[in-house]
Amino acid sequence: MAAPHHVTLVFLAAAVLLLLGSAAAEEEGGPRGKRLLVLVDDLAVRSSHSAFFGSLQGRGFDLEFRLADDPKLSLHRYGQYLYDGLLLFAPSTQRFGGSVDQNAVLEFIDAGHDMILAADSSASDLIRGIATECGVDFDEDPEAMVIDHINYAATDAEGDHTLIAGDDLIQSDVILGSKKIEVLKVLSASPSAYSANPKTKLASPPSLTGSAISLVSVMQARNNARVLVSGSLDLFSNRFLKSGVQKAGSKISHEKAGNEQFVTETSKWVFHERGHLKALNVKHNKVGETNEPGMYRINDDLEYSVEIYEWSGTSWKPYVADDVQVQFYMMSPYVLKALSTDKKGVYSTSFKVPDVYGVFQFKVEYQRLGYTGLSLAKQIPVRPYRHNEYERFITSAYPYYAASFSMMGAFFIFSFVYLYHK
C-alpha cells in the first residue's frame, strides 16, 4: 500500500456481488474535504446512477457534475484545488476540456486527492492511460471483456456470460466495512474467468485468466491518496444496485445484489471516511523527567510516546493495535521496540540509549492494509560521557590498578634492599 500494487484490470459488463444487507449511513464529517467533481460523458449518467450519487450526498458530500469535455473545466484556480475528490465516470472521453488533461489528473492525485475511475468496453486511450499510471493495466484488446461460463448471473444464461456474479473480494474490514456477510477476498475474477472478445472465437488460449484478472482495484499512494478503478461503469448504476441476482447453477436467489453495499463501503474507504489515522503529541524524555531534552547521553534511560487516533466516520477514536513499533535510528536501527498501548490512543515504551554517540532519530513507519500510513521522525543527538562524568574507579580496570600499585611496591622494596643490604 505504500507503493502502487500493479494488477491487471479487464473489462466486464457488470460485477454483480453475491452479498446481502445494506451499509449503515454515517454522519457528516471526516479528515478530508467534501467537494467532489463528477465528470461524465453524458449527463444521463446523473440519473442512471442517481442512487450511488445520492448515497454520497447523503453522507455530506457536495457533488458538482460536469461534462468531461466542458471547455471551462479546471481542477484548480490561483494555485488552489477546487475539489477534494474526483469521480471519473466518462469512459469514452477522448480528451478533457479546459485545462484538464491526463497530467492534470495525475497531479491532482499526487497532491493527495482521491479518485474513483469507472471504465467499460468503450474506454478511451485517455482513461486507459490514467489507470495505467495508477498501476492498473487493461487488456490490450480493446474489445476484450471478462467472460465466465460458470460464475455468471442466471439472467445472462442466453448471453455471452459477461454478466458476472462475483464474490472474491479482498479480506479487509477497513476497505469493505465490518458489516459484510463473510470474510472475502477489492474484486477478483473467479478461477474459471478469462479475458477475450466475446464476439469472436478463440484462436489461442487467453493470456489473462482466473485471479490474474481484477474486476475492481484500489490503490493507496505514498501520500495516502486513494484511487479505485472499476472495469464496469454499470457496477454503480441504479439497475445493478437495486436488482436481484441468482448465480448460474444455484437454487438460491437473492432479492437484492450486494452492489449497493459494495460501492458504498469502498467509496467510504476511498474518500477517507474509514481507515484514516493521525498521530499527535510525539514525546520523548528521560525516565523520571517530563521535559524533552535537547540531547541524550549514551546509556541514558528514556521514554517515548505518541498518540494515534482513527477516524470512525463520526469522530476521532483511539486506534488500538499491537504492531506499532519505534526505531532509534542512525544509518540503521540500533533499537527496535514495540509500543504498548493503554487502549486510549497512547502508545509508549522505554529503552536505554545505545553506547554509541551521533545524531539519531526516533522513527515510526507504520503501514497496515487499508489504513493511511504514518511516517514520524524526530531527530536527537547523543553525546559520549564528559571527562568528569566517568566513575572514579572503574571495576573493569581493577587489574590495572593492582598492577600499578604492585609495581610501585616492588620498586620500593628493591630500592630499599639495594641501598641497605650488605
Going by the structure shown, is VAL282 in a strand (DSSP E or B), out of contact with any Pro (no Cβ under 7 Å at 6 or more places or on another chain) and of a type in the set (A, V, I, L, M, F, W, C)? yes
Which of the residues belonging to region 276-302 are open to solvent by less than 40 Å² (accessible area, probe 1.4 Å) and more than 19 Å from LYS378 (Cβ to Cβ)? HIS276
Of the numbered conditions (1) surrounded by fewer than 21 Cβ atoms within 10 Å (Cβ to Cβ); (2) assigned to a strand (DSSP E or B), LEU87 fails exactly one; give the number of that condition. (1)
Residues being open to solvent by 10 Å² or more (accessible area, probe 1.4 Å), in contact with a Phe, Trp or Tyr (Cβ under 7 Å, 6 or more places away or on another chain) and at pLDDT below 80: count how many of those fall in region 224-269. 1
May I ask you to list the residues in region 356-412 that are under 30 Å from SER305 (Cβ atoms), polar (S, T, N, Q) and part of a loop (DSSP other than H, G, I, E, B)? GLN367, THR372
Just name the residue that is least open to solvent (accessible area, probe 1.4 Å) out of those in region 33-80 that are of a type in the set (Lys, Arg) and in a strand (DSSP E or B). ARG66
First in region 83-110 and more than 20 Å from LEU43 (Cα to Cα), second anywhere and in a strand (DSSP E or B) and among the hydrophobic types (A, V, I, L, M, F, W, C), Cβ under 8 Å, 6 or more apart: ASP84/LEU36; VAL105/LEU86; VAL105/LEU88; VAL105/MET115; PHE108/LEU86; PHE108/MET115; ILE109/MET115; ILE109/VAL227
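Quick grid of which residues meet (1) outside the structural domain of GLY288 (by the TED database); (2) surrounded by 15 or more Cβ atoms within 10 Å (Cβ to Cβ); (3) of a type in the set (Gly, Ala, Ser):
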residue	(1), (2), (3)
PHE362	no, yes, no
LEU376	no, yes, no
SER404	yes, no, yes
PHE412	yes, no, no
From (1) out of contact with any strand residue (DSSP E or B) (no Cβ under 7 Å at 6 or more places or on another chain); (2) at pLDDT 90 or above, pick out the condition that doesn't hold for GLU133. (2)
Examine region 303-315 for a residue that is surrounded by fewer than 15 Cβ atoms within 10 Å (Cβ to Cβ) and touching a Gly at 6+ places or on another chain (Cβ under 8 Å), and state whether such a residue exists. yes
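The rows are residues; the columns are (1) in contact with a strand residue (DSSP E or B) (Cβ under 6 Å, 6 or more places away or on another chain); (2) closer than 25 Å to GLY112 by Cβ; (3) hydroxyl-bearing (Ser, Thr, Tyr).
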residue: TYR309; (1), (2), (3): yes, yes, yes
residue: SER312; (1), (2), (3): no, yes, yes
residue: PHE328; (1), (2), (3): yes, no, no
residue: ALA338; (1), (2), (3): yes, no, no
residue: LYS344; (1), (2), (3): yes, no, no
residue: ILE380; (1), (2), (3): yes, no, no
residue: ARG383; (1), (2), (3): yes, no, no
residue: GLU389; (1), (2), (3): no, no, no
When you scan region 90-121, how many residues do you find that are assigned to a loop (DSSP other than H, G, I, E, B), open to solvent by 10 Å² or more (accessible area, probe 1.4 Å) and in contact with a Gly (Cβ under 7 Å, 6 or more places away or on another chain)? 1
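The values are calculated or read from the model by the stated rules, or taken from the named source; none is laboratory data. What you are looking at is a predicted structure, and each value in this text was computed from that prediction instead of being measured. All Cβ positions, glycine included, derive from the backbone under ideal geometry; neighbour counts span all protein chains shown. All accessible areas refer to the heavy atoms of the entire protein, side chains included, with ligands and DNA or RNA removed. Shrake-Rupley method; radii C 1.70, N 1.55, O 1.52, S 1.80 Å.
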